[in-house]
1. Tell me which residues, restricted to the range 74-94, are open to solvent by 20 Å² or more (accessible area, probe 1.4 Å) and within 12 Å of the ligand (Cβ to nearest atom).
2. Would you confirm whether any residue within the range 75-95 is hydroxyl-bearing (Ser, Thr, Tyr) and at positive phi?
3. Would you confirm whether any residue within the range 116-134 is more than 12 Å from the chain's Cα centre (by Cα) and within 13 Å of the ligand (Cβ to nearest atom)?
4. Just to be sure I understand, how many residues within the range 1-41 are open to solvent by 70 Å² or more (accessible area, probe 1.4 Å) and in contact (Cβ under 8 Å) with a residue 12 or more places away in the chain?
5. Give me the residue from the range 58-72 that is more than 12 Å from the ligand (Cβ to nearest atom) and of a type outside the set (Gly, Ala, Ser) and, out of that set, surrounded by the most Cβ atoms within 10 Å (Cβ to Cβ).
6. Can you find a residue that is farther than 26 Å from Lys84 by Cα and in a loop (DSSP other than H, G, I, E, B) anywhere in the range 20-36?
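The values are calculated or read from the model by the stated rules, or taken from the named source; none is laboratory data. Computed from a predicted structure; not experimentally measured. A quick note on method: Cβ atoms are made from the backbone with ideal geometry, for glycine too, and the neighbour counts reach across all protein chains shown. The accessibility values were calculated without ligands, DNA or RNA, using every heavy atom of the protein model including side chains. Shrake-Rupley method; radii C 1.70, N 1.55, O 1.52, S 1.80 Å.
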Amino acid sequence: SIERTLSIIKPDATKRNLTGKINAKFEDAGLRIVAQKRILLTVAQAGEFYAVHKERPFFGELTEFMASGPVVVQVLEGEGAIAKNREVMGATNPADAKEGTIRAEFAESVGENSVHGSDAPDTAKEEIAYFFSGLELVG
Ligand code: CMP
């Protein structure tokens with residue numbers, strides 16, 4: 001079915017001017033960017049977004065990193081978009097990511113791993129609503 005998923009191009013990637021190269025990988029895979037904006041998160045906003053990871057030892061590092069520079073938040077749409085986006089991103093740890101994936105090509109470490117993508121339909125819905133209003137989604 002046609003799905004939408006929330007994607008974030010993280011500060012390590014925006015700093016290295018990789019937004020276009022990453023977007024080309026999404027579009028080449030048949031994903032359509034139906035909403036997109038470049039924003040600067042506060043540590044508190046990053047913490048709210050990643051609230052499920054609050055108890056993890058890397059939470060402080062994660063939220064400070066996500067607030068360390070611009071991020072591009074976007075909504076990707078397409079057939080099976082949630083799984084397809086995860087395929088294009090590759091494994092969370094770039095050391096485990098398959099050749100040709102975004103993380104294999106661009107990620108610097110498990111923390112500075114260039115992109116985030118929603119992991120399931122319910123989280124996709126929540127994560128999209130965190131950043132976008134319905135009016136901003138143009139399919
Ligand atoms: P993401 O898909 O954005 O979801 C949570 C993030 O936490 C994950 O990608 C990683 O970037 C980050 N993360 C996971 N494990 C670690 C770790 N051991 N150290 C730092 N960051 C991590």
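1. First pass over the range 74-94, keeping only residues open to solvent by 20 Å² or more (accessible area, probe 1.4 Å): 77, 79-80, 83-84, 86-88, 91-94.
Within the range 74-94, Arg86, Ala91, Thr92, Asn93, Pro94 meet the criteria.
2. No.
3. Within the range 116-134 (the criterion being more than 12 Å from the chain's Cα centre (by Cα) and within 13 Å of the ligand (Cβ to nearest atom)), the answer is yes, since at least one residue qualifies.
4. Pass one, the range 1-41, residues open to solvent by 70 Å² or more (accessible area, probe 1.4 Å): 1-2, 4, 15-17, 21, 27-28, 32, 36, 38, 40.
Still in the running and in contact (Cβ under 8 Å) with a residue 12 or more places away in the chain: 1-2, 4, 15-16, 21, 32, 36, 38, 40.
The qualifying residues number 10.
5. The residue in question is Val72.
6. For the range 20-36, residues farther than 26 Å from Lys84 by Cα and in a loop (DSSP other than H, G, I, E, B): absent.
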